[in-house]
Amino acid sequence: QVQLVESGGGLVQAGGSLRLACAASRSIESIVTMGWFRQAPGKQRELVALSTSDGSTNYPDSVKGRFTISRDNAKNTVYLQMNSLKPEDTAVYYCYARIMGRSYWGQGTQVTVSA
């Protein structure tokens, strides 16, 4: 099991940057898959970034080149660096971990990008 707590959301103008952090309640070094999803009002939750313990990352085309996921195993924290933000990036962002076939989610953090 793991508890995930996100932070770093807020209001930013288009073209700006934010860094989200996801603090885990246990060591993340052995968690194979961690990532970030987002959900905008009236839309389904969608993948933003995935990170595997072997160092691989995966991004959808909508954020590729703008968002970067990283892990700090010493701090048990996963980060999402978001640059060149657009109004369509506005959503609640959720941290995600998959452990032994079970999915875990944080409570979410709001990101709002103004035009």
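Give the residue, chosen from 6, 29, that is in contact with a helix residue (DSSP H, G or I) (Cβ under 7 Å, 6 or more places away or on another chain) and over 15 Å from residue 88 (Cβ atoms). Among 6, 29, only 29 is in contact with a helix residue (DSSP H, G or I) (Cβ under 7 Å, 6 or more places away or on another chain) and over 15 Å from residue 88 (Cβ atoms).
None of 45, 66, 71 is touching a helix residue (DSSP H, G or I) at 6+ places or on another chain (Cβ under 9 Å), surrounded by 12 or more Cβ atoms within 10 Å (Cβ to Cβ) and among the charged types (D, E, K, R) except 66.
Taking the numbered list (1) under 21 Å from residue 14 (Cα atoms); (2) at pLDDT 95 or above; (3) open to solvent by 50 Å² or more (accessible area, probe 1.4 Å) in turn, residue 89 passes all entries but (3). Taking the criterion of being exposed (fewer than 13 other Cβ atoms within 10 Å of the Cβ), free of Cβ contacts under 8 Å to residues at least 12 places away in the same chain, of a type in the set (A, V, I, L, M, F, W, C) and assigned to a loop (DSSP other than H, G, I, E, B), would at least one residue in the stretch 92-100 satisfy it? Checking the stretch 92-100: at least one residue is exposed (fewer than 13 other Cβ atoms within 10 Å of the Cβ), free of Cβ contacts under 8 Å to residues at least 12 places away in the same chain, of a type in the set (A, V, I, L, M, F, W, C) and assigned to a loop (DSSP other than H, G, I, E, B).
The values are calculated or read from the model by the stated rules, or taken from the named source; none is laboratory data. Values in this document were obtained by computation on a predicted structure and should not be read as measured data. Every residue, glycine as well, gets a Cβ built from its backbone with ideal geometry; the counts of neighbours run over all protein chains shown. Side chains included, ligands, DNA and RNA excluded: accessible areas come from the protein's heavy atoms. Shrake-Rupley method; radii C 1.70, N 1.55, O 1.52, S 1.80 Å.
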